[in-house]
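Read-outs throughout are calculated quantities, based only on the coordinates presented, and are distinct from any laboratory measurement. Keep in mind the model is a prediction, meaning the values are calculated, not measured. Virtual Cβ from ideal backbone geometry, glycine too; neighbours counted across all protein chains shown.
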Amino acid sequence: MANYFKHESAYVDDNCRIGDGTKIWHFSHIMSGCTIGADCNIGQNVVISPDVVLGRNCKIQNNVSVYTGVVCEDDVFLGPSMVFTNVINPRAAVSRKAEYRRTLIRRGASVGANATIVCGHELGEYCLIGAGSVVTKDVPPYALMVGNPARRTGWVSRYGEKLLFDKDGHATCPATGEQYILRGDVCTRVENK
């Protein structure tokens, strides 16, 4: 017996692994070969294509298609109507299924509503992609990215709060008190010992 919830209008194909406590809502389709972690929330009208991997506690909002080649680690948030691609140069008359590019969304990353993630890139852990942005390159951990094409306009904490660095490259998350260091274009969280 399944230990997850599936709305009666949703479809889950054979050969899927779905973790305990996951919820799959109205009119969604989980295709064959998917791996979905525990405690995920799959919103209305979502398509998870074959062989996609979602980690634990991922939140996929309404009207999102997660295409083959996408891997989301734990705690990833995908906002309403955001878009993935999986081929760089699609043509209806040319089959390019052997050319799908991998897109990796690292732990804790958030992608805003109506953003587009062009395939073949990595979104670093806890990065925040602004609504409507178009990501065309790799994104570093904790980066705040906005625009078309998306550009880094700052840094955010694991909690999603904007970080303000002092002249020595130190910042404190205003919500949690966690400490961060910025060296060049690399933001890291200071681990508590």
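Quick look at the values:
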| quantity | calculated |
| --- | --- |
| Formal net charge of residues neighbouring R189 (Cβ-Cβ distance under 9 Å; K, R +1; D, E -1) | -1 |
| Residue-by-residue Karplus 3J(HN,Hα) for the range 86-99, coefficients 6.51, -1.76, 1.60, Hz, glycine and proline x | 9, 9, 6, 10, x, 9, 4, 8, 10, 7, 10, 4, 7, 10 |
| Among P140, P90, P50, residue whose mean-square fluctuation peaks in a GNM of the chain (springs only between Cα atoms under 10 Å) | P90 |
| For L123, L78, order by how many other beta-carbon atoms lie within 10 Å, fewest first | L123, L78 |
| Directionally averaged projected area (convex hull, Cα atoms, the chain), nm² | 12.6 |
| Listed residues M82, M31, M145, most fluctuating in the chain (Gaussian network, C-alpha, under 10 Å) | M31 |
| The chain: most fluctuating residue of R91, R56, R102 per GNM, C-alpha cutoff 10 Å | R91 |
| Of all DSSP beta bridges in the range 5-162, antiparallel share, percent nearest 5 | 15 |
| Given K137/K162; K6/K97; K6/K59; K59/K167; K6/K137, the pairs whose alpha carbons are separated by over 27 Å | K6/K97; K59/K167; K6/K137 |
| Point-to-point label distance, V186-F27, nm (Cα→Cβ direction, 7 Å offset) | 4.7 |
